[in-house]
1. In this structure, is residue 33 modelled with pLDDT of 95 or more, in contact with a helix residue (DSSP H, G or I) (Cβ under 8 Å, 6 or more places away or on another chain), among the basic types (Lys, Arg) and at negative phi?
2. May I ask you to list the residues in the range 321-335 that are farther than 12 Å from residue 105 by Cα, touching a residue at least 12 places away in the same chain (Cβ under 8 Å) and not in a loop (DSSP other than H, G, I, E, B)?
3. Could you tell me which numbered condition residue 250 fails, if it satisfies all but one of (1) under 26 Å from residue 292 (Cβ atoms); (2) of a type outside the set (A, V, I, L, M, F, W, C); (3) in contact (Cβ under 8 Å) with a residue 40 or more places away in the chain?
4. Kindly indicate the residue of the range 232-267 that is of a type in the set (A, V, I, L, M) and open to solvent by 40 Å² or more (accessible area, probe 1.4 Å) and also farthest from residue 200 (Cα to Cα) among those meeting that condition.
5. Out of 293, 345, I need the residue that is of a type in the set (A, V, I, L, M, F, W, C) and touching a helix residue (DSSP H, G or I) at 6+ places or on another chain (Cβ under 6 Å). Which one?
6. Within the range 117-133, how many residues are in contact with a helix residue (DSSP H, G or I) (Cβ under 8 Å, 6 or more places away or on another chain), of a type outside the set (S, T, N, Q) and assigned to a loop (DSSP other than H, G, I, E, B)?
7. Given the criteria open to solvent by 50 Å² or more (accessible area, probe 1.4 Å), at pLDDT 95 or above and touching a helix residue (DSSP H, G or I) at 6+ places or on another chain (Cβ under 7 Å), does residue 108 qualify?
8. Output the residues belonging to the range 348-372 that are closer than 24 Å to residue 299 by Cβ and either outside any helix (DSSP H, G or I) or small (Gly, Ala, Ser) (or both).
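The values are calculated or read from the model by the stated rules, or taken from the named source; none is laboratory data. These numbers were taken from a predicted model, which means no experiment stands behind them. So basically every Cβ, Gly included, is an ideal-geometry build from the backbone, and we count neighbours across all protein chains shown. Calculation scope for accessible area: heavy atoms of the full protein, side chains included, ligands and nucleic acids excluded. Shrake-Rupley method; radii C 1.70, N 1.55, O 1.52, S 1.80 Å.
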Amino acid sequence: MAEYPVIADDEALDAAVSALAAGEGPFAVDVERASGFRYSQRAYLIQIFRRGAGVFLLDPPALSRFDRLQEVLSTEEWVLHAASQDLPSLRELGLEPPRIFDTELASRLLGHERVGLGAVVEDTLGISLAKAHSAADWSTRPLPQSWLEYAALDVLHLIDVYEILTRELAEQGKTEIAAQEFQAVLDRPTKPPRTDPWRRMSGLHTLRGRRALAIARELWLTREELAIAQDVAPGRLVPDRSLIAAIAADPDSKRALGAVKDFTGRASRTEIDRWWAAFERGRTTAELPRERVPGDTLPPPRVWADRNPEADLRLKAARPAVEARAAELNMPTENLLTPELLRRVAWEPPAQMDAETIGQALLDAGARPWQIHETAQLIATAFVDSVQESDDSSEVAS
């Protein structure tokens with residue numbers, strides 16, 4: 001097994017930066033986080049490979065500055081797998097790519113059936129990567145050598161994969177499509193904080209009444225505060241199901257709360273005072289949450305026939321056309337046009353339905369130029385045909 005040292009001081013980082021600067025071609029970059037273990041999504045290991053330089057494994061919590069690294073990395077394209085997952089953690093450290101090539105996204109656009117990193121490496125290079133440590137706690141220190149070898153292999157082959165996928169994109173005439181998709185990943189804005197994020201608690205729908213929701217809100221906020229303070233994933237303190245079970249049990253005292261069998265989790269008893277205080281706040285607050293909050297989400301398509309028959313006809317006419325075009329392009333339908341985009345345009349189309357107005361509606365909703373080019377006319381034709389079909393049905397009925 002190869003030995004991979006971890007760069008954990010600024011002097012070693014300077015040496016790595018000099019070596020990377022002397023290499024050639026794009027940089028393969030990957031990040032290991034501690035999702036499911038830590039509250040934050042910070043990077044606990046960064047892997048970088050460049051031809052002529054080798055593999056470097058960086059320990060971000062131990063390093064104080066990344067400006068020189070960013071200076072070197074900004075000179076060439078980065079190759080990542082599932083870039084949208086890693087970019088936020090890298091940006092926290094001031095590491096920003098000038099351009100990217102996403103091997104997962106490229107594989108989807110090419111119609112590959114398997115798009116996980118191990119599968120893509122195997123399908124393109126015939127090399128099998130072990131995924132034994134994919135769900136490990138990467139905040140562990142020191143990191144075992146077997147984990148470090150696994151991490152190094154995640155970038156060691158990425159440049160070879162990149163070259164093969166680049167050729168495949170050219171052969172399928174998808175080079176420009178991929179470029180637009182990669183740029184969209186880079187340009188994607190940070191999602192604004194959710195309103196009432198506590199409403200995403202698993203099992204919340206089983207509670208009845210605004211008072212129960214008030215207790216759920218207080219418990220969630222209390223757990224969030226503790227999770228941030230300890231940098232621990234909230235579910236590792238007390239899982240959602242345990243909080244919901246405690247609310248359903250309706251305990252009348254702190255002792256009764258501690259006796260709830262299904263109120264489990266490593267902090268369920270050690271922080272019992274904290275949880276009981278949250279219960280009491282929820283039971284006494286005058287600010288009761290609404291049972292349902294209006295949002296901008298569309299109704300599920302299964303109810304469209306009753307709520308908006310015309311939109312239902314439009315969607316049923318356009319969806320097969322988009323699916324057929326995706327099949328012709330040898331890519332998943334959701335990469336050609338997400339179902340959400342199609343539903344939004346079908347639900348509330350422009351007054352005049354032609355390729356130009358549908359294209360503008362798609363653009364306003366976030367579609368890329370290539371997607372509009374491939375689908376706007378198809379959708380416009382389908383929408384117009386659905387109106388004619390509706391008119392014909394009305395004439396027959398009368």
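1. Details: modelled with pLDDT of 95 or more: yes; in contact with a helix residue (DSSP H, G or I) (Cβ under 8 Å, 6 or more places away or on another chain): yes; among the basic types (Lys, Arg): yes; at negative phi: yes.
So residue 33 fits the description; yes.
2. 321, 322, 325, 329
3. (3)
4. Going through the range 232-267, the residues of a type in the set (A, V, I, L, M) turn out to be 232-233, 237-238, 243-249, 256-257, 259-260, 267.
Those left that are additionally open to solvent by 40 Å² or more (accessible area, probe 1.4 Å): 248-249, 259.
Details: 248: 17, 249: 20, 259: 26 Å.
Among those residues, the one meeting the criterion is 259.
5. Values: 293 fails: touching a helix residue (DSSP H, G or I) at 6+ places or on another chain (Cβ under 6 Å).
Exactly one residue qualifies, and that residue is 345.
6. Summing the residues that are in contact with a helix residue (DSSP H, G or I) (Cβ under 8 Å, 6 or more places away or on another chain), of a type outside the set (S, T, N, Q) and assigned to a loop (DSSP other than H, G, I, E, B) in the range 117-133 gives 6.
7. yes
8. 348, 349, 350, 351, 353, 361, 365, 366, 367, listed by residue number.
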